[in-house]
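Readers should treat all values here as calculations from the given coordinates under stated rules, not as data from a laboratory. Computed from a prediction, not measured in an experiment: that's the story for all the values here. Because the Cβ atoms are built from the backbone with ideal geometry, glycine has one as well, and the counts that use them run over all protein chains shown.
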Amino acid sequence: TYIQCHLLSHFPIFYSAELAGVRSEIISVPQQLTSLQLWEEIVKRHPRLAAIQDQVVFAVCQEYVLLGDQLLALQSGDEVAIIPPISGG
Amino acid sequence: MNENEDEPKDFIKLNYEKLSTDEVSELVISPCCGAVSLFIGTTRNNFEGKKVIHLEYEAYSPMAEAEIKKICRDVRQKWPSVKHIAVHHRLGLVPVTEASVIVAVSSPQRVASLEAVQYCINTLKATVPIWKKEIYEEAHSWKENKECFWANVEK
């Protein structure tokens, strides 16, 4: 089964052409997949993201998920955010 | 006396307004507390020899508030005597010397509030999805906290 989830990306800076602010899109992915597989689905759509794999984590429904073997059970409309290294405070 | 008036509270605010130390400390003051501890993070005018003009902050706001709420919950587990906690973080442009974050904690005795404030700001820098960009005279740079719990700085 494929579901549609809402992908948010915070890209303060990772390329010489800076992608600033939040980009938001709806993507269609398998309902059951690991977080690494989800990353690979996203990289298929945005190949330049491959360069930052070591620096990012996901937030799925606003909970952190590391890129790895963790199995996600996504529901349609779930929000997935790509989170680069933070610098609050 | 209405006991509900002094129930422990968390005051969390993320917005674009200038922060007020008076406002934040007044939020946590309580008749049963003898201590209020405060941390104020301010914009520094230099980084690695470059002159910083100002900082710009952005946040994944709903999650940032949720993560700060978790920090407050953890504070109350570690320091049960803590009464009120306030965390105000400014977003957008923050000029040099102005505050970007204020953390205030009240407790009956001072040790809990002092330790809790330190824990709050340290954990905020490790886990809360907020990003800052330093604007220099010539250029700018998005920052990465060394505390960020997943960033492997030494590769």
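Some notes on this structure:
- When only the Cβ of Lys, Arg, Asp and Glu is charged (+1, +1, -1, -1), the dipole of chain A relative to its Cα centre reaches about 220 debye.
- Table column - 3J(HN,Hα) (Hz), region B:27-35, Karplus curve with 6.51, -1.76, 1.60, x for Gly and Pro: 5, 9, 4, 8, x, 8, 9, x, 9
- The phi torsions of region A:26-33, fed into the Karplus equation with coefficients 6.51, -1.76 and 1.60 and a -60° offset, translate into couplings of 9, 10, 10, 9, x, 5, 10, 7 Hz, rounded to whole numbers, with Gly and Pro shown as x.
- Debye log10 I(q)/I(0) at q = 0.17 Å⁻¹ for the protein assembly as shown, Cα point scatterers: -1.22
- Going by neighbour counts of Cβ atoms within 10 Å, the residues B:10, B:22 line up, fewest first, as B:22, B:10.
- Phi-derived couplings, Karplus 6.51 cos²θ - 1.76 cosθ + 1.60 at θ = phi - 60°, listed residue by residue for region B:92-103: x, 7, 10, x, 3, 6, 7, 7, 9, 8, 10, 10 Hz, with x used for Gly and Pro.
- Residue A:70 long-range amide H proximity, modeled H, under 5 Å: A:35, A:36
- Near residue B:100, the amide H atoms lying under 5 Å from its own belong to B:41, B:42, B:43; only residues 5 or more places off or on other chains count, and H is placed 1.01 Å from N.
- For residue B:93, the amide hydrogen comes within under 5 Å of the amide hydrogens of B:57, counting only partners 5 or more places away or on other chains and with H modelled in the peptide plane.
- Shape analysis of chain A yields a ratio of the Cα radius of gyration to the Kirkwood radius, Rg/Rh, of 0.94.
- When the Cα positions of A:64, A:87, A:46 are compared along the charge dipole of chain A, A:46 comes out farthest toward the positive end, with charges on each C-beta of Lys, Arg, Asp and Glu.
- Sequence of B:119, B:60, B:16 once ranked by neighbouring C-beta atoms within 10 Å, starting from the fewest: B:16, B:119, B:60
- By definition, a body whose alpha carbon gyration tensor gives a ≥ b ≥ c is prolate when a/c is 1.5 or more and a/b is larger than b/c, and region B:10-146 fits this prolate description.
- Computed label-point distance, nm, for sites residue A:28 and residue A:8 using a 7 Å Cα→Cβ extension: 2.5 nm
- Computed lengthening from residue B:23 to residue B:74, 0.36 nm per intervening residue step minus Cα-Cα distance: 16.0 nm
- Within a straight-line Cα-Cα reach of under 17 Å, residue B:146 can be paired with the following aspartates and glutamates, leaving aside sequence neighbours fewer than 8 residues apart in one chain: A:54, B:48, B:134, B:154.
- For chain B, calculated [θ]222 nm from helices alone, where every DSSP H run of n ≥ 4 adds -39500 (n - 2.57): -9000 deg cm²/dmol
- The protein assembly as shown, dipole about Cα centre (Lys/Arg Cβ +1, Asp/Glu Cβ -1), debye to the nearest 20: 360 debye
- Cα-centre dipole for region B:10-146 with unit charges at Cβ (Lys and Arg positive, Asp and Glu negative), debye to 20: 420 debye
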